[in-house]
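Take a look at the structure set out below.
The values are calculated or read from the model by the stated rules, or taken from the named source; none is laboratory data. Just so you know, these numbers come straight off a predicted model, no measurement behind them. Every residue, glycine as well, gets a Cβ built from its backbone with ideal geometry; the counts of neighbours run over all protein chains shown.
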Amino acid sequence: MLDLRAQHAELQEELLDAFSAVLASGRFILGDAVETFESDLAAHCGARFGLGCNSGTDALWLALRGLGIGPGDAVLCPAFSFFATAAAIVRVGARPVFADIHPATFNLEPQDAIRRAEQTPNLRAIISVDLFGRVCELGPLESYCRDRGIHIIQDAAQSIDALDEMGRTIGCQSDVACFSFYPTKNLGALGDAGGLVTDDAELAGLISRLRSHGESEPGLYEELGLNSRMDALQAVGLSVKLRHLEGWTHARRQLAAHYDSLFLEHGAVAADSDAETPAGHDLTRGAKLPVLIPTPSRRRGRQSYHRYVIRVSANRRDELIRTLAQDSIESAVFYARGLHQQPALAEFAPASRAPLPETERVCEECLALPIFPELGIDRVERVVAAVKACLTA
Ligand SMILES: Cc1ncc(COP(=O)(O)O)c(C=O)c1O
């Protein structure tokens, strides 16, 4: 799915120089190196403040705690995301409320989210997840939240360097945006790392204290935080990589465009993010190639294609995965279960039957194909040919 060796071989000298400087400094946690990365990250997002921490999971926890969310509060998030989105809500003592997604974007469907928000007492925040590198378009949900003082936290773990459809950078539509720098992310550390951006000085100050156990002055702890300080070695590595990110995003977008045009040429269907799609509607009915490809962002949007995810009929997916593997092509399912279907979160699942139909359907149909900057157009061609051969056999 991803080969980081080529990226690291190209950056080896820059990375080793940066690591040597840290060794010479003797300062391994926070300090100048982390402050430099924090201002690089803030500048990249056009935000006032950037903060480093230990992981994307911690970043979500810090954002929630920083906004004062805790026991008795509800936080709405999509049911289709990585486990950490909901786990962070539970870990601050709040209750996750799961909303459904739009089948073409894999992100929150604003009208569905508003409907569920209306039925949720003590709703203090929503977490909008920019899944697979596509910024979640909040549309009317943004003003709904602003009018009611509901905070917006952006789970941008997968979307660094993406723009929303109004051309806004990450963080512009939220109170705070959270990043993961897990090694396989578009901007990946050499271990666990995470970060946040915000324009709110008070919030930035509080999060900065919370990541250091809540220490407000040396030896004084006025609230309970975490030990979630960023390592200097990770920070310098991330600063090096951040300088290359735009080029990598460009390469990912070119590969995605190539996937799109080849799939369309072979008769696949492009998902329409503006279309009303009744639940259960077969989006590939009558298609020559029964594959639904993601819609590219329109207007001024820019997807960062953390993943290139197609949809295929549920009863062909396992066969497709097996056939691709025989051709030495890796593919992967993100995610096979909705968050409400995870045993650890069962108590938060909505009571009604089939409560999140689009999420459940996408879980059965989604398939991520290889994408990373060094993948190469010829390998994209091989993948599409193999998908076609399998599904039209
Ligand atoms: C959508 C989403 N949220 C949160 C996280 C958590 O990030 P981390 O693995 O850095 O804790 C991830 C990372 O996998 C993610 O993809």
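Numerical summary
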| quantity | calculated |
| --- | --- |
| Tally, over the range 153-193, of residues that are of a type outside the set (A, V, I, L, M) and assigned to a strand (DSSP E or B) | 5 |
| Test: residue in the range 96-116 that is aromatic (Phe, Trp, Tyr), buried (at least 24 other Cβ atoms within 10 Å of the Cβ) and in a loop (DSSP other than H, G, I, E, B) | yes |
| Complete set of residues in the range 172-210 that are buried (at least 24 other Cβ atoms within 10 Å of the Cβ) and of a type in the set (Val, Ile, Thr) | VAL176, VAL197, THR198, ILE207 |
| Among residues of the range 217-248, those that are surrounded by fewer than 16 Cβ atoms within 10 Å (Cβ to Cβ) and assigned to a strand (DSSP E or B), counted | 4 |
| Only one of SER55, SER25 that is over 30 Å from ARG116 (Cβ atoms), in the same structural domain as THR105 (by TED's automatic domain parsing) and among the polar types (S, T, N, Q) | SER25 |
| Flag for ARG322 being outside the structural domain of GLN158 (by TED's automatic domain parsing) and crowded, with 16+ Cβ neighbours inside 10 Å | no |
| Subset tally (residues that are away from the ligand (no atom under 14 Å from the Cβ), farther than 20 Å from LEU67 by Cα and basic (Lys, Arg)) for the range 113-134 | 2 |
| Flag for GLU137 being over 15 Å from the mean Cα position of the chain (by Cα) and away from the ligand (no atom under 16 Å from the Cβ) | no |
| Any helices (runs of 4 or more DSSP H) falling wholly within the range 1-93 and containing at least 1 residues that are among the aliphatic types (A, V, I, L, M) and free of Cβ contacts under 8 Å to residues at least 60 places away in the same chain | 4-25, 31-45, 83-91 |
| Selection status of ASP155, modelled with pLDDT of 95 or more, at negative phi, within 11 Å of the chain's Cα centre (by Cα) and within 11 Å of the ligand (Cβ to nearest atom) | yes |
| Top-ranked residue of the range 72-83 - restricted to ones that are under 28 Å from ARG302 (Cβ atoms) and surrounded by fewer than 22 Cβ atoms within 10 Å (Cβ to Cβ), ranked as nearest to the ligand (Cβ to nearest atom) | PHE82 |
